[in-house]
Amino acid sequence: MTVQPDASMTAAILAAVERQAGDRMAVLGICGAQGSGKSTLARAVMQHCADRGVAAATLSLDDLYLTHAERQRFAHDVHPLFATRGVPGTHDIDLGLEVIAALDRGEPAPLPRFAKATDDRLPPQQWDKAPRDCRLLVFEGWCVGARPQAEADLRDPVNRLEAEEDRDGRWRRFANDALAGPYQRLFARIDVLTLLAAPGFDVVMDWRLQQEEELRAAAGADASGVMDAAQIARFIQHYERLTRHILAEMPDRADLLVRLGEDRSVLSIRAAAAPR
């Protein structure tokens with residue numbers, strides 16, 4: 001199962017967005033661990049907008065990944081672990097800010113798109129385009145709206161990957177500094193932050209396996225970039241530190257908290273008592 005938003009849930013989200021945004025284009029942020037149903041919720045919100053004639057667009061944080069070549073150079077110059085997409089530092093934040101600025105001006109802005117099966121950004125001619133005078137941008141991603149950790153929390157490794165391949169903590173500190181800087185400028189534009197809260201990090205492996213099988217089915221014969229179980233187990237360790245941090249600190253400040261069960265069913269929905 002996965003998150004199955006009904007009309008009342010999407011209506012409640014959009015009502016919260018309308019209250020916060022005022023006259024400008026609204027930005028709905030959706031945060032959740034890998035496989036938690038962010039894309040499903042985003043599609044439901046988009047359908048709700050389409051049914052009511054509201055001009056809307058979607059952008060994933062994943063769509064802002066640096067290109068494969070850029071990440072290879074980054075890995076060479078900063079730390080080898082940055083060759084793997086995911087953590088703060090591996091996204092083109094300026095591109096995201098440019099897209100939102102264009103949408104704020106009412107322009108039918110091109111929306112970058114990233115192909116996970118090939119681990120690279122699609123060429124611009126294959127990007128989608130937002131409608132003119134867009135009223136809502138649905139911005140989803142695994143660490144959308146996240147805040148950095150305290151320096152003391154970076155000292156000890158959280159898993160084998162960090163213990164063996166980031167012994168001096170350089171990789172995680174660089175990612176944390178990026179999150180504290182450029183990412184906060186991007187996240188500051190979010191009007192309503194929704195968190196799809198997994199019951200814990202331990203479920204992410206199963207959720208990510210399901211997600212990868214969906215990628216494999218979609219890729220068909222060209223599935224060279226799809227990961228097997230061993231690759232996924234290593235891959236999600238890149239995300240573990242920040243995912244655990246988000247699950248600990250974001251529930252108390254999210255505008256809308258959706259708690260999920262192990263099967264990704266919705267257990268409860270809680271709106272913030274007051275605007276952020």
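Values quoted throughout were computed directly from the atomic coordinates according to the rules given, and no laboratory measurement underlies them. Remember, it's a predicted structure, so these values are computed and weren't measured experimentally. Positions of Cβ are generated from backbone atoms using ideal geometry, with glycine treated the same way; all protein chains shown enter the neighbour counts.
Only one residue of Q34, I190, Q231 has its Cα farthest out toward the positive end of the dipole of the stretch 7-265, where Lys and Arg carry +1 and Asp and Glu -1 on Cβ, and that residue is I190. Taking Cα atoms only, the orientation of helix 7-21 departs from the longest principal axis of the chain by about 90 degrees.
Rounded if a/c is under 1.5, else prolate if a/b beats b/c, else oblate: with a ≥ b ≥ c from the C-alpha gyration tensor eigenvalues square-rooted, which is the stretch 45-97? Prolate, because a/c is 1.5 or more and a/b exceeds b/c. Structural size metrics of the stretch 26-118, computed from C-alpha coordinates, are Rg and Dmax of 15.2, 49 Å. Annotation: amide H-H contacts under 5 Å for S60 (H modelled 1.01 Å from N, sequence separation of 5 or more, or interchain): E140.
Shown in residue order for the stretch 56-70 are the 3J(HN,Hα) couplings computed by the Karplus curve 6.51 cos²θ - 1.76 cosθ + 1.60 at θ = phi - 60°: 9, 8, 10, 9, 9, 4, 4, 5, 9, 4, 4, 5, 4, 5, 5 Hz (x for Gly and Pro). Computed on the Cα atoms alone, the convex hull of the chain gives a volume of 130 cubic angstrom per residue.
Could you let me know the centre-to-centre spacing of the stretch 232-274 and the stretch 72-123, using Cα atoms, in angstrom? Spelled out, the Cα-based centre of one part sits 23 Å from the other. Per residue of the chain, the DSSP helices (runs of n ≥ 4 H) give a summed -39500 (n - 2.57) that works out to -12000 deg cm²/dmol at 222 nm. Dividing the C-alpha radius of gyration of the stretch 123-272 by 2.2 N^0.38 Å, with N its residue count, gives 1.18.
The value obtained for the stretch 81-156, namely the Cα convex hull volume divided by the number of residues, is 125 Å³ per residue. Within the stretch 161-217, the ratio Rg/Rh, alpha carbon atoms throughout and Rh by Kirkwood, equals 1.09. Per-residue 3J(HN,Hα) values for the stretch 77-85, derived from phi via the Karplus relation 6.51 cos²θ - 1.76 cosθ + 1.60 with θ = phi - 60°, read 8, 10, 6, x, 5, 6, 5, 8, 5 Hz in sequence order (x marks Gly and Pro).
Cβ-to-Cβ counts within 10 Å put Y65, Y239 in ascending order as Y239, Y65, the fewest first. P(r) tail, the stretch 60-212: Cα-Cα pairs separated by more than 24 Å, 40% of all pairs.
Taken about its Cα centre, the chain carries a charge dipole of about 480 debye when Lys and Arg each add +1 at the Cβ and Asp and Glu each add -1 at the Cβ. Residues whose amide H falls under 5 Å from that of R121, counting only those 5 or more places apart or on a different chain, are H68, A115, with hydrogens built in the peptide plane. Across the alpha-carbon atoms of the stretch 20-73, the computed radius of gyration and Dmax are 14.5, 45 angstrom.
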